[in-house]
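Q: Below you'll find the structure I mean.
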Amino acid sequence: MKADKEWFDNAAIKYEQLGYWEKLTLGQQLKLWAEKYQNRIALVEDDTRLTYKELDHKVDELAAGFFTMGIKKGDNVVVQLPNRISFVITCFALFRIGAVPVLSLPAHRETELDGIFTLAKPVAYIIPVTFLGFDYKKMADQLVKKHPAVKFIITDGKSENSINLADISMPPVDLEGPSYRDTALLLLSGGTTDTPKLIPRTHTDYAYNAKATAERCKLNLQSAYLAVLPIAHNFPLCCLEFWGPCRSAARSSCAKPQALMKRSRLLRKRG
């Protein structure tokens, strides 16, 4: 462990000196984007439009709510939300606190999540009530029985015996926040051979990943990107679809499977 830390510290100094890694957390990055781009559209979901300024404010309010609930810096939180604006707000709110989102895919079920919960020991589990006909709240109730570390089941919508994500937000408060070298999030491996493994990414390296891919793909103020793949995957999340457009003031659209199927049927009819 000591050798690993020494290697990381040396690598971090090198990347900072070369100008690759910025001394900013992802929460601080969003604050800068909001100051720079203000009323430009950041996110689109169906008929909902959210500007950079509005996004930043909603993140501050939700971070205050999470903090007041008792979610603190260093806590792990399993986030299993589909492609929605609420996913983005939730992740950035956790970044602001220094809590670590563990990004589970909507397709994960109790078998995968049991292993993930055993490894991560999350204090909270954030889910849709239902998605594509599946009852996530029922699954959450079973998982919590086996994993007492989970203090809060938070649902993106109203559900019995859970906390509604929309009811958590509070007036912003001053937060200590994490360091830019701290772990920002835990991605999951594909799980092709066993239970998905946790992959830590720091605030600064993940921000550079997004910056480099956005530059490579030549995103600019006129760009728009449709997030089709599940956004909790590393590629959709950082290798262009969300963080990249945000850095470039492009807009990201969250695609829902129902909407994509409907559009596909329309295209076939037109063809």
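The values are calculated or read from the model by the stated rules, or taken from the named source; none is laboratory data. The shown structure was predicted, so the numbers you read here are calculated from the model rather than taken from an experiment. Please note: Cβ atoms are built from the backbone with ideal geometry, for glycine as well, and neighbour counts cover all protein chains shown.
Q: Let me confirm something: among Thr213, Thr183, which residue is buried (at least 16 other Cβ atoms within 10 Å of the Cβ), farther than 30 Å from Lys121 by Cα and modelled with pLDDT of 80 or more?
A: Result of the check over Thr213, Thr183: Thr213.
Q: Still on this structure, please answer the following. Taking the stretch 37-60, which residues are of a type in the set (Val, Ile, Thr) and modelled with pLDDT of 95 or more?
A: The answer is Val59, and nothing else.
Q: Does any residue in the stretch 218-233 that is farther than 27 Å from Pro200 by Cα come within less than 7 Å, Cβ to Cβ, of a residue that is of a type in the set (D, E, K, R) and in a strand (DSSP E or B) six or more places away or on a different chain, and which pairs are these?
A: Ala224/Arg251
Q: Would you call Thr111 surrounded by fewer than 17 Cβ atoms within 10 Å (Cβ to Cβ) and either of a type in the set (A, V, I, L, M, F, W, C) or in contact with a Lys or Arg (Cβ under 9 Å, 6 or more places away or on another chain) (or both)?
A: no
Q: Could you tell me which of the residues Ser179, Ser159, Ser169, Ser189 is of a type in the set (Ser, Thr, Tyr) and more than 21 Å from the chain's Cα centre (by Cα)?
A: Just one listed residue meets the conditions, Ser159.
Q: (1) more than 15 Å from the chain's Cα centre (by Cα); (2) of a type in the set (Phe, Trp, Tyr); (3) under 23 Å from Leu18 (Cα atoms): which one isn't true of Tyr206, the others all being true?
A: It fails just one condition, (1).
Q: When you go through (1) in contact with a His (Cβ under 8 Å, 6 or more places away or on another chain); (2) without any contact (Cβ under 8 Å) to a residue 12 or more places away in the chain; (3) not hydroxyl-bearing (Ser, Thr, Tyr) one by one for Asp174, which number turns out not to apply?
A: Unmet condition: (1).
Q: When you look at Ala63, is it at pLDDT 95 or above, among the small types (Gly, Ala, Ser) and crowded, with 16+ Cβ neighbours inside 10 Å, yes or no?
A: When the stated conditions are applied, Ala63 passes them.
Q: Please pick out the residue among Val144, Val150 that is closer than 18 Å to Val123 by Cβ, in contact with a helix residue (DSSP H, G or I) (Cβ under 7 Å, 6 or more places away or on another chain) and surrounded by 13 or more Cβ atoms within 10 Å (Cβ to Cβ).
A: On inspection, the qualifying residue turns out to be Val150.
Q: Please give the number of the condition Phe87 fails out of (1) farther than 23 Å from Ala232 by Cβ; (2) assigned to a helix (DSSP H, G or I).
A: Only one criterion in (1) farther than 23 Å from Ala232 by Cβ; (2) assigned to a helix (DSSP H, G or I) is unmet by Phe87, namely (1).
Q: Let me ask something else about it. Taking into account only those residues within the stretch 110-132 that are assigned to a loop (DSSP other than H, G, I, E, B) and closer than 26 Å to Phe235 by Cβ, which is modelled with the lowest pLDDT?
A: In this case the residue turns out to be Leu132.
Q: Can you tell me which residue within the stretch 82-108, out of those that are closer than 22 Å to Gly190 by Cα and out of contact with any Cys (no Cβ under 9 Å at 6 or more places or on another chain), is surrounded by the fewest Cβ atoms within 10 Å (Cβ to Cβ)?
A: Ranking the qualifying residues of the stretch 82-108, first place goes to Ala107.
Q: Restricting attention to the stretch 119-140, which residues are in contact (Cβ under 8 Å) with a residue 40 or more places away in the chain and on the phi < 0 side of the Ramachandran plot?
A: Leu119, Ala120, Pro122, Val123, Ala124, Tyr125, Ile126, Ile127, Pro128, Phe131, Tyr136
Q: Conditions first: (1) more than 21 Å from His203 (Cα to Cα); (2) not in a loop (DSSP other than H, G, I, E, B). Ala107 passes all but one, so which condition is the exception?
A: Of everything listed in (1) more than 21 Å from His203 (Cα to Cα); (2) not in a loop (DSSP other than H, G, I, E, B), Ala107 misses just condition (2).
Q: Across the stretch 153-179, what is the total count of residues that are over 21 Å from Leu62 (Cβ atoms) and either surrounded by 13 or more Cβ atoms within 10 Å (Cβ to Cβ) or modelled with pLDDT of 95 or more (or both)?
A: 1
Q: Of the numbered conditions (1) free of Cβ contacts under 8 Å to residues at least 40 places away in the same chain; (2) more than 16 Å from the chain's Cα centre (by Cα); (3) surrounded by 11 or more Cβ atoms within 10 Å (Cβ to Cβ), Trp21 satisfies every one except a single condition; which is it?
A: Just one mismatch for Trp21, condition (1).
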